[in-house]
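Derivation of every value follows stated rules applied to the coordinates shown; laboratory data play no part. Since this is a predicted model, take the numbers as computed values, not measurements.
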Amino acid sequence: MNILKLKAWMICLAFITVLASCQQQSEVAPEKNVPTTSKSINKDKIALDVIDLLNQKSSRSSIINSLKAQQPSVALATILDQVKSEGVSNTATQQLRQVVTNAEATYKNVDAPDNVEVPELWLHQPTAGIDFSKLLVAYAPTQKDEAEWTKVKAYNLQKEVVYLDPFKAPEVPVIVVETDGFEALKVEVAYMNKQLKKKGLQNFAQRTAAKKRTTASGLETTKLDRIRLNDDQEPWISGSAEVYAITSGIRGNQKEAQINVIPMYYLDTDGKTYYPNQVLLFWDDYDYQAANIQLFEKDDNHNYKDMVAVIVDGVFKITGLLTEVPIVSALGQIANAIIQAMPDAWFTNDDDYIDSFYTIEKNRTYRNYNGAGGNANVDLTPFFIPAN
């Protein structure tokens, strides 16, 4: 056999070997080089460790019951505490605990962390009868643009790979690994407000002064009584929405912007009506009796530091021009600056920006009120909170 024939034979043999291995559905090892952009947590490895936990009978029922009871998700740290209290301790729990510890070390007691990831789990339950013997563990694709998603990688309890349709919810239960969900939003909102205050876009001196008034006084606020978001047909693997409000108004003679970030943890499902009874506007924060409310949904395309940076940059570019502008125009310019400052790449998922309610007046009641984009409908009422 000459050299050319030998090379051709070896190439053919290698191809056949690779093809055969691709057709096998045997146990797989965690992916070594999962593309994570700026993220550091390997969801594939977490998924395999979670399967090891689920294959313990006691911990399987405990995890499933916990995910059923607490919607929309449960922090992985909470899950681990729960199984530990039940006496479950193995290699999987140790490795998952290390993931939690490493994640917390990147943001806890850090003034301005570059990235916030908090591992958590949530449960997809099919509409038909649920057979937990067919339980899968999955995570969302890594591509930023959902239009590029073609399949969702999942594992069954034997650690065999199963691919799911990202846009058609499976008729089997799936535990989904998430690192940028509700738990991360809780941490990020606190950091966003901290950075906005440091940059001069938050000043609560007037609200503090209000607390020191006589006992007959109190806080004048506007309360969100009801809200409904239109169904945006998000892929099922993206899970529940993580929505927050950015409120903006004007303080000071120079018409300085006052911007607050308010989490809306309950608002997790589009096409559903909620009655949160949540205060969104504190009127002592502003010098004028009108403010804006804008709704955004967190996703993986940006982190809180980028968000704060573009808000600050966008608002500061126009605030110097607002001194002689009528209050209504100034309010609109601040709200638009928040949106326009954001790079187009952040809107590859259509749900990043949800809607805007411009020029909400202090003493006015709003019923069945649509946002400017028609994506959100709310009831807002004036609400006085008496001082103690």
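With one equal scatterer per alpha carbon and no solvent term, the Debye-computed log10 I(q)/I(0) for the range 99-146 at 0.18 1/Å reads -0.80. Remark: the residue 168-residue 91 segment gains 24.3 nm on full extension, using 0.36 nm per residue and subtracting the alpha carbon distance. Calculation over all alpha carbon pairs of the range 51-141 in 10 angstrom steps from 0 returns a P(r) of 14, 44, 30, 10, 1 percent.
Taking 28 Å as the cut-off for C-alpha to C-alpha distance, list the pairs among 43/317; 43/134; 57/186; 134/186; 159/272 that go past it. Where the Cα-Cα span goes over 28 Å, the pairs concerned are 43/317; 57/186; 134/186; 159/272. For residue 139, the residues whose modelled amide H falls within less than 5 Å of its own, excluding neighbours fewer than 5 places apart on the same chain, are 153, 177. Taking amide H atoms as placed 1.01 Å from N in the peptide plane, the amide H of residue 355 lies under 5 Å from those of 295, each 5 or more residues away in sequence or on another chain.
Full extension of the chain segment joining residue 269 with residue 316 gains 13.5 nm, where the gain is 0.36 nm per residue of separation less the Cα-Cα distance.
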